[in-house]
Structure formats: structure tokens, C-alpha cells
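Take a look at the structure set out below.
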Amino acid sequence: MIWQYKPTLLVISMVLLNGCASNLHSQQRDQVPTNMPLQWQQAQIAPALTVHDAWVEQLVTPQLKQFMLQALQNNQQLLQASIDAEIQKQQLIASGSALWPNLDLSARTNRSKNNRPVSYSNASSVGLIVSYEVDLWGKLAASTRQANLNYLAQQARLQQSKQQLIADVLTRWFDIITAKQLLDLYIRREENAQQNLDIIESGYRQGLNEALDVYLARNELNNERSRIASQRADLTRVARQFERLLGDYPQGTMTAEHELPVITRAIPLGLPSELITRKPALKASWYQLLAADASLAYAHKQRFPSLNLAAELGDNSARVSDLLSPSSLAWSLIGSLSAPIFDAGRLKANQQIALLNTKKQEQVYLQTLYDAFAEVENAIAQQQSLQARYTSTFEAQKNALAAEQLSFEQYQSGLVSYTTVLDSQSRAFDAQSSLIEIKNQLLANRINLHVALGGDFAKSTTLGDE
């Protein structure tokens, strides 16, 4: 009698719940916000050419390329991200297995003794069980979709980590060059200060200079030596940061005898709408939002009935040798329908939690999106400011160096005081050091702008996904 009513119960349940399930569709989302400008606000007159990566080639030397490859292979943070991606892949496989039947094999044998009267008995059994949950409402498919989107999000985060790592390697490499150039500048300044002191002390012994000039020259020499000691420590610190990016022990011995390149080629900015599908971090956030939608669908469908099918083929016998005899094999086929009736609001609360997480992820995506736009706009404005500063500082350096030489010549002729010489030397020093730092800032900002635009360093340097 029970088996006669089960199909009827299944049909009634499907008819009653089909309307509820059919109304649950994935939310149609717009990946592009409606208030997005057609062009970057800080570059209205710049051509909206597609972002390309070829400009990076003028920065990458064979030595630097080897460092980049080493970082991709050995950087601990990147390796952690790679493992996280592999974990998500295995979770996707585990989630997808729910869509397939389960096949279990069981075998058992035992021997027992009865004391009244004394007797022994043997029992053996073997069984092959197939179980399968019919995905009536797409619940299992929603779970698999969530796992798949989480995997895609992790893959996008991994790609973003690779791009950021290469950008950090480039930036720290130029920091090392900058620190070394500043150290060389300070050393030259020390040598110049020592020569000035020797000349002034010689003039003082001859009665041509005052004692104040000697004290000022000695003070200037000590200041230069102090700068050298500080700059050596800064060079070691930057070198350690660079070595950690490569996955090495931070010995602080890395140095670079190179000049900072000056980039003259304008970088194509593309359009704001292109950034959404090009930058891996934005794609990862978008995938996470879609995964939240799938999680909400799964939590909702958990409240629907579940249909499970099971089939068993097996045998029982007193002797193991008689098992699996064709004449004694038994089989059974079972279908069951279960539906939650009372769970003290647990399933409803889980659905509400999933809904709130989806709303939260919507705001996370919007925040990530607008932060990405802000990074590009700020980098463009910073690039324009640095270019103007570089041009002015370059001219200031030429004038300051000429003024420094002229002031010392006039001092030796008795036309100006030594404080005038110190002032002109200070201006020349500031102009030289500022020019080195601005060149480094231009490079760092250009690299950051490339990352903000979703540019890929690997394509132009043939690094691939190594």
C-alpha cells in the first residue's frame, strides 16, 4: 500500500512547488554602472587608445627579467595564492560530484558461538549499493555553480597577484637604483665638501679666511658624512625588500649600477568601461557577487523536498564460497521523498543569511569598482604633475649647478661670503637629489597606472604564466 501512494505524493509535491521554484531565477545584474563616464576625467583630451603592454619592454633588461621569473617561481605569497586556487579547484570537483550517482561496495563476514547448546554459525554478506539524488529544483546545480564561480574568482585573484608582484619587483628594482644614485651623489658631495674644507683651512692658515668659514665647512662635511651613513642603511633596507620579493633570504646585498630610464612614450589609457573586463581584481569581485547569488539560490532550494533513488544488489550466505551465486542474488530498488516540515526556522534563517551576504557582496563589488576608477584617475593626475615637476626640476638643476660653481669662484675672489657658497651648494644638492627622486616617482607611478588599468606585464616580457 505504501508503494502505491509514493508516486502520487511525488506528483502532488512537484505540482505545488514547481511554481515556487520556477519563480527563482538568477538575478539579472548589470556589470557596468549607469553613471560611468565615457572617458577618464583627468585625460579628456588624450586619445582613448586600447591599453597595451609594449611600453614595459624599454624598462626590462635581461637581468631584471631573470629577477621577475625568479619572483614568479619563489615568492611565498604568490605560492600561497596558487595553493588557494588549487584548493578551490578541488572544492569544485567535490561539489560537482553531487550531480553523479554514488556507488558503494560492502562485504562482511562473521563467526558466532552459542553456549546453550554449544553451536557455531557463520554469516557472510556482500552488497553493491547505488544511490542518487535527483536534482529536481536545481539545488545541486546551484551549489556547483557557486563552487565554479569561487574557483574563477580565485584564479582572477591569482592573476592579479602575479601582476602586482611583477609591478613590485620593477618598483623595488628602481628603488635600489635610486638609492644607489643618491648614495653616489652623497659621496661626491662629501668629496667636494672635503676639497672645500682643505681650501678654506689653507686660506685660514694664510690669514685669508675667517675661523667661521672653517667651522661652517667642517659642519658641511660632517652633514655629508651623516647623509652617507643614512643612505647606506636605506639602500640595504630597499635591497632586503627586493630580495624578499624574489623569495630569497634578506641579506641586503643587492645593488644596481644602472641609470634610471626616462619614459617619454605616452601610455594609452583606454576607456573606463574596458577596465571592468580587463582588470583581474574587478573580475574576481564580480565572480564573488555571482557566487553569492548562487549561494542564495542553494539556500532557498534547501527548503524544497528531496528525491533520492537507491538500488542494491547483494547476497547473504553461511559460506563465503556461496556468495554471488546467480540463484541466490537479491536486489531492491527504493525511491524516497523527504521534505523539511519543522526545523525551528533554521533553513529560513540560512536563506536570510545568504540574502544578506549577497547584498553585502553587491556593495563590495561597487566599492572595488569605484576604488579601481579612483586609482586610475589619481595615477593620471599624478603622472601629469610629475611630468611638470620633472621638467622644472631639470632646468633648476642646471641653474643650481652653475650657481654653485660661480659662487665658490666668487668666494675665492672675496666677492661673497662662505654662507653664500653653502646656500648655493645646498640648492644644487636639493635639485640633484630631487631630480633623481622625481624620475623614480615617474617610473613608480607609471607602473602603478599600468596595474590600475589592468595591464599585463607578462605579455610584453614573454613571462607567460610561469
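The values are calculated or read from the model by the stated rules, or taken from the named source; none is laboratory data. Model, not experiment: these values are computed from the prediction. Positions of Cβ are backbone-derived with ideal geometry, glycine not excepted, and every protein chain shown enters the neighbour counts.
Considering only residues that are in a loop (DSSP other than H, G, I, E, B), among the acidic types (Asp, Glu) and at pLDDT 80 or above, which ones fall in region 49-85?
If the condition is that a residue be in a loop (DSSP other than H, G, I, E, B), among the acidic types (Asp, Glu) and at pLDDT 80 or above, then no residue fits.
When region 377-397 is examined, which residues are found to be surrounded by 18 or more Cβ atoms within 10 Å (Cβ to Cβ), β-branched (Val, Ile, Thr) and over 27 Å from the mean Cα position of the chain (by Cα)?
If the condition is that a residue be surrounded by 18 or more Cβ atoms within 10 Å (Cβ to Cβ), β-branched (Val, Ile, Thr) and over 27 Å from the mean Cα position of the chain (by Cα), then 393 is the only one that fits.
List every residue pair whose Cβ atoms sit under 6 Å apart, with the two residues 6 or more apart in sequence or on different chains, where the first one lies in region 217-232 and is more than 10 Å from residue 197 (Cβ to Cβ) and the second, anywhere, is at pLDDT below 95 and hydroxyl-bearing (Ser, Thr, Tyr).
So the pair list comes out as 227/186; 228/186; 231/186.
Just to be sure before I move on: is residue 197 within 24 Å of the chain's Cα centre (by Cα), farther than 25 Å from residue 240 by Cβ and in a helix (DSSP H, G or I) in the structure I sent? Show your work before the answer.
Values: within 24 Å of the chain's Cα centre (by Cα): no; farther than 25 Å from residue 240 by Cβ: yes; in a helix (DSSP H, G or I): yes.
It is false that residue 197 is within 24 Å of the chain's Cα centre (by Cα), farther than 25 Å from residue 240 by Cβ and in a helix (DSSP H, G or I).
Across region 103-138, what is the total count of residues that are surrounded by 10 or more Cβ atoms within 10 Å (Cβ to Cβ) and outside any strand (DSSP E or B)?
4
Can you pull out every residue in region 106-125 that is of a type in the set (A, V, I, L, M, F, W, C) and modelled with pLDDT under 75? Walk me through how you get there before you give the answer.
Here is the first cut: in region 106-125, the ones of a type in the set (A, V, I, L, M, F, W, C) are 107, 118, 123.
Within region 106-125, 118, 123 meet the criteria.
In region 235-257, which residues are more than 20 Å from residue 69 (Cα to Cα) and either of a type in the set (D, E, K, R) or modelled with pLDDT under 85 (or both)?
237, 257
Before we move on, is residue 160 in contact (Cβ under 8 Å) with a residue 60 or more places away in the chain, surrounded by fewer than 20 Cβ atoms within 10 Å (Cβ to Cβ) and of a type outside the set (Lys, Arg)?
Spelling it out, residue 160 is indeed in contact (Cβ under 8 Å) with a residue 60 or more places away in the chain, surrounded by fewer than 20 Cβ atoms within 10 Å (Cβ to Cβ) and of a type outside the set (Lys, Arg).
Looking at this structure, is residue 407 out of contact with any Lys or Arg (no Cβ under 8 Å at 6 or more places or on another chain), crowded, with 18+ Cβ neighbours inside 10 Å and more than 25 Å from residue 264 (Cα to Cα)?
So residue 407 fits the description; yes.
Which of the numbered conditions does residue 349 fail, given that it passes all the others? Conditions: (1) closer than 30 Å to residue 449 by Cβ; (2) loosely packed, with under 15 Cβ neighbours inside 10 Å.
Going through (1) closer than 30 Å to residue 449 by Cβ; (2) loosely packed, with under 15 Cβ neighbours inside 10 Å one by one, residue 349 breaks only (1).
Out of curiosity, is residue 21 farther than 30 Å from residue 161 by Cβ, assigned to a helix (DSSP H, G or I) and either within 27 Å of the chain's Cα centre (by Cα) or modelled with pLDDT under 90 (or both)?
Here the answer is yes, as residue 21 does meet what is asked.
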